[in-house]
Amino acid sequence: MNETQDNNSEQKEPIAHLRRVADIIFALAMAECFLALDFPDKLQQPTNSQVITFLFAQIKPLTSYAIAFMIVGFYWVEHIKQFKYYKKSDTIHISLYLLYLMGMFLIPYSDTLIIYFPENALVKICFSINTTFIGLISFLNWTYASHKHRLITDEISSATIILTRWRILIEPIFSLLTIGVAIIDQAWWEYVWFLLPIPYLWIEKIFGKSYDENEQQGGNSSEKKFFWP
């Protein structure tokens, strides 16, 4: 009995360490996005016109900050959802997740470039490429971990596994679309990102009911109701 408990604790220890590291990286990435914003030079008694001019000049940087924070936030939510399914980790899983976190920590840097070069399409394309990379690594990581329940608990149904894959794929697919928008007209690139919540709501509406039914039935009919992405 004690040996079984020791084995379980040894298996869970790496995943616990990885989760703590990931939470720290996510928190730092969110903070770094805000630190990229410019602040005005200290003025003794700024006039109303100076304040208004500064505030209007901050609209684009604040928009970039909101986009970066939203993207990191969506990935953080998916990170939380995935980690409650993991029972252990291994070298491949940890290596892939470190690549994922590396890309995540580049988001504040990409956001800073957009703040400094707001009209440059190439900078915006690089941002989208970065978020695409993060999403594809996340998808690869989850596919590896969930294959034959390699690293996730046996109780997780096929419905949950496939729905998680669809959720993960939303951001990289959306990121690829924003690349096309930046090429056609970079001025619309920022605003397209605010449509990102729509596919999440759409996935929940399309698959949510079937997902709940399959969870209640123990996932026996999940493969009939869900499609592998």
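The values are calculated or read from the model by the stated rules, or taken from the named source; none is laboratory data. These numbers come from a predicted model, not from an experiment. Note that we place each Cβ from the backbone using ideal geometry, even for glycine, and neighbour counts take in every protein chain shown.
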Within the range 120-142, track down each residue that is over 13 Å from Leu98 (Cβ atoms) and not aliphatic (A, V, I, L, M). Asn120, Lys124, Cys126, Phe127, Ser128, Asn130, Thr131, Thr132, Phe133, Gly135, Phe139, Trp142
The residue that is farthest from Gly73 (Cα to Cα), considering only those in the range 172-208 that are not in a helix (DSSP H, G or I) and not acidic (Asp, Glu), is Leu195
In the range 62-107, how many residues are farther than 14 Å from Ala145 by Cα, of a type in the set (Val, Ile, Thr) and without any contact (Cβ under 8 Å) to a residue 40 or more places away in the chain? 2
Residues Leu55, Leu43, Leu62: which one is at pLDDT below 90 and assigned to a loop (DSSP other than H, G, I, E, B)? Leu43
Selection count where residues are aromatic (Phe, Trp, Tyr), surrounded by 12 or more Cβ atoms within 10 Å (Cβ to Cβ) and at pLDDT below 90, scope the range 187-218: 3
Please enumerate the residues belonging to the range 120-149 that are within 19 Å of Glu32 (Cα to Cα) and either not in a helix (DSSP H, G or I) or not hydrophobic (A, V, I, L, M, F, W, C) (or both). Lys124, Ser128, Asn130, Thr131
Which ones in the range 162-185 are buried (at least 18 other Cβ atoms within 10 Å of the Cβ), within 13 Å of Leu196 (Cα to Cα) and not aromatic (Phe, Trp, Tyr)? Arg167, Ile168, Leu169, Ile170, Glu171, Pro172, Ser175, Thr178
Which condition number does Tyr109 fail, the rest of (1) surrounded by fewer than 19 Cβ atoms within 10 Å (Cβ to Cβ); (2) at pLDDT below 95; (3) more than 17 Å from Ala27 (Cα to Cα) being met? (3)
Tell me, yes or no, whether the range 87-95 has at least one residue that is crowded, with 21+ Cβ neighbours inside 10 Å, modelled with pLDDT of 90 or more and not hydroxyl-bearing (Ser, Thr, Tyr). no
Here are the criteria: (1) closer than 22 Å to Phe34 by Cβ; (2) in contact (Cβ under 8 Å) with a residue 60 or more places away in the chain; (3) more than 14 Å from the chain's Cα centre (by Cα). Tell me which single one Phe117 does not satisfy. (2)
Looking for something surrounded by 19 or more Cβ atoms within 10 Å (Cβ to Cβ) and touching a helix residue (DSSP H, G or I) at 6+ places or on another chain (Cβ under 7 Å) - is there at least one such residue anywhere in the range 39-54? no
